[in-house]
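Below is one structure, written out as structure tokens, with a few remarks after it.
The values are calculated or read from the model by the stated rules, or taken from the named source; none is laboratory data. Because the structure is a prediction, the values reported are computed rather than measured. Here the Cβ positions follow ideal geometry from the backbone for every residue, glycine too, while neighbour counts run over all protein chains shown.
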């Protein structure tokens with residue numbers, strides 16, 4: 001309702017409608033998951049929740065002050081910068097979140113989840129280094145956030161693993177179902193959602209700046225063409 005009253009841009013209204021539809025679907029998934037007691041539905045419910053939260057965060061960013069300021073005066077970004085990473089990293093994080101959900105609900109896939117976590121962290125580090133070289137704060141800040149979240153997520157994953165399975169060689173005894181283990185798992189889950197959100201918003205910012213720079217170049221080309229003297233009939 002607020003989007004339709006305040007925003008004049010049609011695409012923002014469409015995103016708001018999509019968000020409302022997603023929330024309704026999420027509610028249906030949640031209700032069905034309870035009545036059917038299905039592990040697959042529970043996993044789908046959790047995965048979709050992360051996507052809905054990310055969509056909400058995008059709408060918040062798209063209606064923010066910085067988004068509007070960059071529309072009027074976008075920072076210069078090298079052509080082709082970071083597009084492949086911008087597509088790859090969120091997909092890797094989403095797949096890792098899927099592996100985590102599969103492990104949580106079906107108690108399978110521990111080693112793929114642990115191994116792929118390293119792959120995700122490597123790509124996050126690469127993207128952070130790439131963002132830092134641009135010197136653009138609008139990219140550097142979320143890149144720093146995703147790096148911190150990625151490292152923290154690895155630590156939480158180790159904690160969740162130790163509290164569940166233990167490490168006899170180090171004298172650590174696993175306590176599945178304990179409060180400590182539940183706290184590690186829950187925090188690990190929440191951080192995973194935040195990592196997906198941060199990597200996705202960073203990617204959107206990259207493509208947004210590319211589009212704004214492209215539009216500016218087109219406008220400058222048109223202005224230059226209009227400023228050329230008309231030589232027709234002067235010969």
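Considering only the stretch 69-83, I want to know if a residue exists there that is more than 22 Å from residue 160 (Cβ to Cβ), modelled with pLDDT of 95 or more and either part of a helix (DSSP H, G or I) or in contact with a helix residue (DSSP H, G or I) (Cβ under 8 Å, 6 or more places away or on another chain) (or both).
No: zero hits.
Give me the pairs: first residue in the stretch 74-85 and surrounded by 10 or more Cβ atoms within 10 Å (Cβ to Cβ), second residue in a loop (DSSP other than H, G, I, E, B), beta-carbon distance under 9 Å, and six or more apart or on different chains, which are they?
Once the first residue is surrounded by 10 or more Cβ atoms within 10 Å (Cβ to Cβ) and sits in the stretch 74-85, its partners that are in a loop (DSSP other than H, G, I, E, B) give 75/135; 75/136; 76/136; 77/136.
Would you confirm whether any residue within the stretch 106-119 is over 22 Å from residue 46 (Cα atoms) and out of contact with any strand residue (DSSP E or B) (no Cβ under 9 Å at 6 or more places or on another chain)?
Checked the stretch 106-119: at least one residue is over 22 Å from residue 46 (Cα atoms) and out of contact with any strand residue (DSSP E or B) (no Cβ under 9 Å at 6 or more places or on another chain).
For the stretch 119-139, give me the residue count where each residue is more than 20 Å from residue 92 (Cα to Cα) and assigned to a helix (DSSP H, G or I).
Residues meeting the conditions: 5.
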